[in-house]
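Below is one structure; the comments refer to it alone.
The values are calculated or read from the model by the stated rules, or taken from the named source; none is laboratory data. All values derive from a computational prediction rather than experimental measurement. Here the Cβ positions follow ideal geometry from the backbone for every residue, glycine too, while neighbour counts run over all protein chains shown. Side chains are part of the model used for accessible areas, which takes the heavy atoms of the whole protein and leaves out ligands, DNA and RNA. Shrake-Rupley method; radii C 1.70, N 1.55, O 1.52, S 1.80 Å.
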Amino acid sequence: MCGIVGYVGSKSAVDFLLEGLYRLEYRGYDSAGLAVQQDHQIAIRKKTGRVGQLADLCERQPVTGTFGIGHTRWATHGEPSDINSHPHVGGNGEVVLVHNGVIENYSILRNQLRELGYVFRTGTDTEVVAHLVAHHLFEEIKLGANPGEIKTCLRAVESALKRVKGTYGLAMLFRDVPGLLIAARLGSPLVVGIGRGEHYLSSDAGPLVGRTEEVVYLSDHEIAVITPHELQIIHRDAGTQTPSVRTLEQTTSDLDLGDFDHYMLKEIYEQPQTVENALRGRLDEDEASAKFGGLNMQPQELRRVDRIILTACGTSWHAALVGEYLIEEFARIPVEVEYASELRYRNPPLTDRTMIFAITQSGETADTLAALRECKRKGHPTLAICNVVGSTIAREADGGIYLHAGPEIGVASTKAFTSQVTVLTLLALFLGRMRNLSYPAGKRIIGHLRAMPEKLRQTLGCHAAVKDIAQKYYQAENFLYLGRLYNFPVALEGALKLKEISYIHAEGYPAAEMKHGPIALVDEDTPSVFVVPRSNIYPKVVSNMEEIKARRGPIIAIACEGDDKIADLADDVIYVPDVDEYLQPLVTAIPLQLLAYEIALLRGCNVDRPRNLAKSVTVE
Ligand code: M6R
């Protein structure tokens, strides 16, 4: 939530700031703003709405300078408005800053600062930090410090942050020290890009791609003092740190739309490739198992595990549900799936044989990170299934498995889901082969997994049929999504996709549960999407369909190719390739992603930037 960029160097700051903000826009798009410094002047431009509107404003009212900060906002405190847009000004303009996170004690601090004469102009929590830093700057100056020195600004920031409770990624400029950018992190990610005679700052690596390959990820309680030629990192408790420089592996083509109209569609179409990436190098034919490079656990330790907790949010939580079924079936290890937002505050009885897996595309979701930390604090092995390399969760977990799906930019998660399910299948196979899954069974699973990229390619062939179906139903105001066993999480995911991008009310249920309440919603205007590929309980799902039909509810069925019978019952059928039951979520998710996409388009919605949402939920 909220994206931050910063630049100090010799090039035009505004070029990088705008380009970076476009790339970070998926993190929030309520407003955008930037501040550019030239000598002792800091010019601010900010505007409600998208980065494009800020770019227009900068064209009408140009700013020049080679030092700057920028922000794209997902509003937490204070409505989206020009005045509440970042950057915010502290004191009489001595400090200008942008913030990602939530200042929990802002109200107390604001009252204290008001009593000291500070005037608040916005409804944000962030303005408190701006005034607080300015206040401590004045205190330093009163004690004789030179306002034009870096160390004065640093001390002011350190003193201010000691008084702040909450989370922050902060980037700030100081009027009296041109070329100084101070960044601070607690809970909200920040990465510094190293150039020649220049430094970049960003909430994630996206804006740095194509600018530099050398990056330094900040950790919590670290402050970065950044000038064009120097980078100093100071940890609150451990003092000055040697920056740990990493290499960026993304390329600009990962961020291009190519021939697609939207990132969501591009990412749906990438799935044959991203599933292949998730499998690459991980199928162990000799052992009829899977192999992973980064679990960082000995086989003996893994063999001791007698319970697994999978924790996640949103779509990743749905993937975790598929993981539960897979691991319990293949490895016979009891699995629980916990919403990270619940797990972080619950105190479930865990033993020293309990292993925790956090599942997250971004690796930055605040609740997932907090749940992981809580379990880690208790001494449990904590692992992550994560897409973004170098993200906070990837760095803090004891070990883990990357998805290698490339950047997911559409706010609605698509390719991350299928990659997560693929990795969870590999994990189930791996844990199963350590226990009672036989060699031939392992071989069979490997064979099926190898075939999946091609099956997904075939699945995408349903797009034309989905388009027609969308045309028929896009005006409906309620949808039910129903599936059983491996397809129950897919039903949940299909409903989530539809509601988040088309704003249609949709509910996902295990198909048989529908009789226990949701069936009351069924009428001729409420379509039910049944995920009903061939399975052991196929006839049971068909009975559930009959129950809907008897109440005149329209039915859209996702069924296996060759299942002609289903068309007698369903009003519309989308066919997908026939695969083993445990792999069905990979193929059945795709038509549901496409259905949500097509319906959202027909309703005139912005599929890549749905209202009220942001890609990484980095606040609680
Ligand atoms: O980055 P994460 O996987 O941790 O994100 C979790 C959820 O915020 C995310 O899946 C969200 O539900 C998506 N908008 C779903 O499309």
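I'm trying to understand the selection: among the residues of segment 285-304, which are free of Cβ contacts under 8 Å to residues at least 60 places away in the same chain and touching a Lys or Arg at 6+ places or on another chain (Cβ under 8 Å)?
Across segment 285-304, the qualifying residue is only Arg304.
Across segment 141-153, which residue is farthest from Thr392 (Cα to Cα) among those that are assigned to a helix (DSSP H, G or I) and not hydroxyl-bearing (Ser, Thr, Tyr)?
The selected residue is Lys142.
Before we move on, is Ala370 small (Gly, Ala, Ser), closer than 24 Å to Asn347 by Cα and either open to solvent by 30 Å² or more (accessible area, probe 1.4 Å) or in a helix (DSSP H, G or I) (or both)?
yes
Which of the residues that make up segment 483-505 are over 17 Å from Trp317 (Cα atoms) and surrounded by 24 or more Cβ atoms within 10 Å (Cβ to Cβ)?
Ile501, Ser502
Under 6 Å between Cβ atoms, at least 6 apart or on separate chains: pull out the pairs that start in segment 564-586 with a residue that is more than 30 Å from Glu324 (Cα to Cα) and end on any residue that is part of a loop (DSSP other than H, G, I, E, B) and at pLDDT 95 or above.
Final answer for the pair search is Asp571/Pro554.
Give segment 508-531 a look and list any residue that's open to solvent by less than 50 Å² (accessible area, probe 1.4 Å) and outside any helix (DSSP H, G or I), or say none.
Once the filter is applied, which keeps residues that are open to solvent by less than 50 Å² (accessible area, probe 1.4 Å) and outside any helix (DSSP H, G or I), segment 508-531 yields Gly508, Pro510, Gly517, Val522, Thr526, Pro527, Ser528, Val529, Phe530, Val531.
For segment 142-152, state whether one or more residues are open to solvent by less than 50 Å² (accessible area, probe 1.4 Å) and free of Cβ contacts under 8 Å to residues at least 12 places away in the same chain.
Yes, segment 142-152 has at least one match.
For segment 22-38, which positions are farther than 17 Å from His88 by Cα and modelled with pLDDT of 90 or more?
Tyr22, Arg23, Leu24, Gln38
Would you confirm, using the coordinates I've provided, whether Val466 is under 19 Å from Tyr575 (Cα atoms), away from the ligand (no atom under 16 Å from the Cβ) and in contact (Cβ under 8 Å) with a residue 60 or more places away in the chain?
So Val466 fits the description; yes.
For (1) out of contact with any Gly (no Cβ under 6 Å at 6 or more places or on another chain); (2) outside any loop (DSSP other than H, G, I, E, B); (3) open to solvent by 10 Å² or more (accessible area, probe 1.4 Å), each residue gets a yes or a no:
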{"position": "Gly93", "(1), (2), (3)": "yes, no, yes"}
{"position": "Arg110", "(1), (2), (3)": "yes, yes, yes"}
{"position": "His131", "(1), (2), (3)": "no, yes, no"}
{"position": "His136", "(1), (2), (3)": "yes, yes, yes"}
{"position": "Glu139", "(1), (2), (3)": "yes, yes, yes"}
{"position": "Arg155", "(1), (2), (3)": "yes, yes, yes"}
{"position": "Leu161", "(1), (2), (3)": "yes, yes, yes"}
{"position": "Asp176", "(1), (2), (3)": "no, no, yes"}
{"position": "Arg185", "(1), (2), (3)": "no, yes, no"}
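Going through segment 228-275 one residue at a time, which ones are surrounded by fewer than 17 Cβ atoms within 10 Å (Cβ to Cβ) and under 30 Å from Lys497 (Cα atoms)?
Passing the criteria: Glu249, Thr251, Thr252, Ser253, Asp254, Asp256, Leu257, Gly258, Asp259, Phe260, Asp261, Gln273.
Within segment 534-583, how many residues are open to solvent by 70 Å² or more (accessible area, probe 1.4 Å) and in a helix (DSSP H, G or I)?
Adding up the residues that qualify gives 4.
Just one of Glu454, Glu547 is modelled with pLDDT of 95 or more, more than 16 Å from the ligand (Cβ to nearest atom) and over 30 Å from Arg609 (Cβ atoms); which is it?
Just one listed residue meets the conditions, Glu454.
Any idea how many residues of segment 403-415 are modelled with pLDDT of 95 or more, in contact with an Asp or Glu (Cβ under 7 Å, 6 or more places away or on another chain) and open to solvent by 10 Å² or more (accessible area, probe 1.4 Å)?
Residues flagged as modelled with pLDDT of 95 or more, in contact with an Asp or Glu (Cβ under 7 Å, 6 or more places away or on another chain) and open to solvent by 10 Å² or more (accessible area, probe 1.4 Å) within segment 403-415 amount to 0.
Go through segment 374-387 and count every residue that is away from the ligand (no atom under 14 Å from the Cβ) and open to solvent by 10 Å² or more (accessible area, probe 1.4 Å). Explain how you work it out, then say what you get.
If we filter segment 374-387 for residues that are away from the ligand (no atom under 14 Å from the Cβ), which is where we start, we get 374-383.
Going one step further and asking which of them are open to solvent by 10 Å² or more (accessible area, probe 1.4 Å), we end up with 374, 376-381.
Counting residues in segment 374-387 that are away from the ligand (no atom under 14 Å from the Cβ) and open to solvent by 10 Å² or more (accessible area, probe 1.4 Å) gives 7.
Could you run through segment 379-391 and say how many residues are within 15 Å of Ala340 (Cβ to Cβ) and of a type outside the set (S, T, N, Q)?
Residues that pass the stated criteria total 5.
With the requirement that a residue be open to solvent by less than 10 Å² (accessible area, probe 1.4 Å), hydrophobic (A, V, I, L, M, F, W, C) and part of a helix (DSSP H, G or I), what does segment 1-53 give you?
Ala13, Phe16, Leu17, Leu21, Leu24, Val51
If I filter segment 592-620 down to residues being away from the ligand (no atom under 16 Å from the Cβ) and of a type outside the set (Lys, Arg), which single residue comes out as surrounded by the most Cβ atoms within 10 Å (Cβ to Cβ)?
By that ranking, first place goes to Glu598.
Assess whether Ala366 counts as being touching a strand residue (DSSP E or B) at 6+ places or on another chain (Cβ under 8 Å) and closer than 17 Å to Ser188 by Cα.
yes
For Arg484, all conditions in the list (1) in the same structural domain as Leu583 (by the TED database); (2) within 14 Å of the ligand (Cβ to nearest atom) hold save one; what is the number of the exception?
Going through the list (1) in the same structural domain as Leu583 (by the TED database); (2) within 14 Å of the ligand (Cβ to nearest atom), Arg484 breaks only (2).
Give just the number: which of (1) within 16 Å of the ligand (Cβ to nearest atom); (2) open to solvent by 10 Å² or more (accessible area, probe 1.4 Å) does Ser438 not satisfy?
Condition not satisfied by Ser438: (1).
Looking at segment 403-424, which of its residues are under 23 Å from Pro207 (Cα atoms) and away from the ligand (no atom under 13 Å from the Cβ)?
Applying the first criterion (under 23 Å from Pro207 (Cα atoms)) to segment 403-424 yields 403-416.
Result: His404, Gly406.
Of Leu482, Leu460, Leu437, which residue is outside any helix (DSSP H, G or I) and in contact with a Pro (Cβ under 8 Å, 6 or more places away or on another chain)?
Selected residue: Leu482, the only one of Leu482, Leu460, Leu437 that is outside any helix (DSSP H, G or I) and in contact with a Pro (Cβ under 8 Å, 6 or more places away or on another chain).
If I filter segment 388-402 for residues that are near the ligand (Cβ under 9 Å from one of its atoms) and open to solvent by 20 Å² or more (accessible area, probe 1.4 Å), do I get at least one hit?
yes
Just give me the residues in segment 214-233 being hydroxyl-bearing (Ser, Thr, Tyr) and either more than 18 Å from Leu180 (Cα to Cα) or modelled with pLDDT under 95 (or both), in sequence order.
Tyr217, Ser219 - these are the residues of segment 214-233 that are hydroxyl-bearing (Ser, Thr, Tyr) and either more than 18 Å from Leu180 (Cα to Cα) or modelled with pLDDT under 95 (or both).
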